[in-house]
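This report concerns only the one structure given below.
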Amino acid sequence: MFAYEKRLQYPVNIKNPNPALAKLIMSQLGGPDGEAGAALRYLSQRYAAPTREVQAMLTDIGTEELSHIEMVSAIIYQLTRNLTPKQIKEQGFDAYFVDHTTGIYPVSASGVPFSADYFQSTGDPIADLNEDLAAEQKARLTYDNILRFADDPDVREPIKFLREREIVHYQRFGESLRIVTDMLDERNFYAFNPSFDKPKKK
Amino acid sequence: MTKTDKSERQAAMLRVQQLSFALTEANLYLDSHPTCEKGIAYFKKHKEALDKAKAEYEKKYGALCIENALDENDKKWKWVCEPFPWVSEYERSEG
């Protein structure tokens, strides 16, 4: 079960609206490598994790991703406050505005709505953890790309924090993969799926 | 609300955020290193400080979690009286 804490993981206080930047950052909410996909990926995969360490890791990182959904949403919310029709039109926010006004909707920077196609839950912990390592790197580089377009320090600071978390999660998933492979036959990790096949006990 | 009030509240919130972050880091590390004595000691130390920081924040500025939403003498549901966390300091000061 989950309990809500009425605070952000890291402060977000943005003074100046910037709908063009909001549109780019939206990708980290509902895009192919965004936080919504991350949370659903780990919280779905955890049931197939064969050890308590990895069950814990997927649960706890998945939970942290929920707080990142909230941070990214807060950034978008604050970047799109008090907009004038002129700002909306000139900064290319008009198409989003027609569909959602300034409501928060999970969509990629290129306008594709969020989809579960962005992640897998294979039931095989080695395959899942390799996807998770790639996912953290893809999210990291997306934050790097966002930072290329963000000059406002009010925006850069929370984005840099989120970028850093991808690197820490990558490290922890690397350790999780090592834990799973160590418990298997080291000459052939792929001999069977430890979460599905039940090899005969000696 | 005066400027000093605002910065005191922000400082109290930052203290909660910093200590809670220390626990999150220790939490993920301990998931893959569950017998690390240094990690266990680090978690315990910061947990104690976090409990104090949260209690201090909640006493002055309102509940962080629903369990603490009502004090003994409260007659109204204060959870809906304090802003939600996506509201920036700038929006708060607009009133």
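Numbers for the structure displayed
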| item | result |
| --- | --- |
| Some residue of segment A:186-196 being touching a Ser or Thr at 6+ places or on another chain (Cβ under 6 Å) and modelled with pLDDT under 95 | yes |
| Residues (within 9 Å of chain B (Cβ to nearest Cβ) and either over 20 Å from A:Glu65 (Cβ atoms) or part of a loop (DSSP other than H, G, I, E, B) (or both)) located in segment A:155-202 | A:Arg178, A:Ile179 |
| Meets criteria (assigned to a helix (DSSP H, G or I) and either modelled with pLDDT of 95 or more or among the acidic types (Asp, Glu) (or both)) for B:Glu82 | no |
| Single unsatisfied condition, B:Glu37 versus (1) within 14 Å of chain A (Cβ to nearest Cβ); (2) farther than 14 Å from A:Pro11 by Cβ | (1) |
| Filter result for the condition that a residue is in contact (Cβ under 8 Å) with a residue 12 or more places away in the chain and surrounded by fewer than 22 Cβ atoms within 10 Å (Cβ to Cβ), over A:Ile75, A:Ile104, A:Ile61 | A:Ile104 |
| Unmet criterion (only one of (1) charged (D, E, K, R); (2) in contact (Cβ under 8 Å) with a residue 40 or more places away in the chain; (3) touching a Phe, Trp or Tyr at 6+ places or on another chain (Cβ under 9 Å)) for A:Lys138 | (3) |
| Helices (runs of 4 or more DSSP H) completely within segment A:1-48 that count 3 or more residues being over 12 Å from the mean Cα position of the chain (by Cα) and away from chain B (no Cβ under 13 Å) | A:19-25 |
| Unmet requirement for A:Val54, which otherwise passes all of (1) over 18 Å from A:Ala139 (Cβ atoms); (2) of a type in the set (A, V, I, L, M, F, W, C); (3) surrounded by fewer than 19 Cβ atoms within 10 Å (Cβ to Cβ) | (3) |
| Members of segment B:36-95 that are touching a residue at least 40 places away in the same chain (Cβ under 8 Å) and over 19 Å from B:Leu19 (Cα atoms) | B:Glu89, B:Arg92, B:Ser93 |
| Pick from segment A:62-90, criterion hydroxyl-bearing (Ser, Thr, Tyr) and not in a helix (DSSP H, G or I), ranking: nearest to A:Glu5 (Cα to Cα) | A:Thr80 |
| Number of the exception - A:Leu43 against (1) of a type in the set (A, V, I, L, M); (2) touching a residue at least 40 places away in the same chain (Cβ under 8 Å); (3) more than 24 Å from A:Pro17 (Cβ to Cβ) | (2) |
| Qualifying residue in segment B:52-74 (condition: out of contact with any Lys or Arg (no Cβ under 8 Å at 6 or more places or on another chain), part of a loop (DSSP other than H, G, I, E, B) and within 14 Å of another protein chain (Cβ to nearest Cβ)) | no |
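The values are calculated or read from the model by the stated rules, or taken from the named source; none is laboratory data. Please read all numbers here as calculations on a predicted model, not as lab measurements. Backbone-built Cβ (ideal geometry, glycine too); neighbour counts: all protein chains shown.
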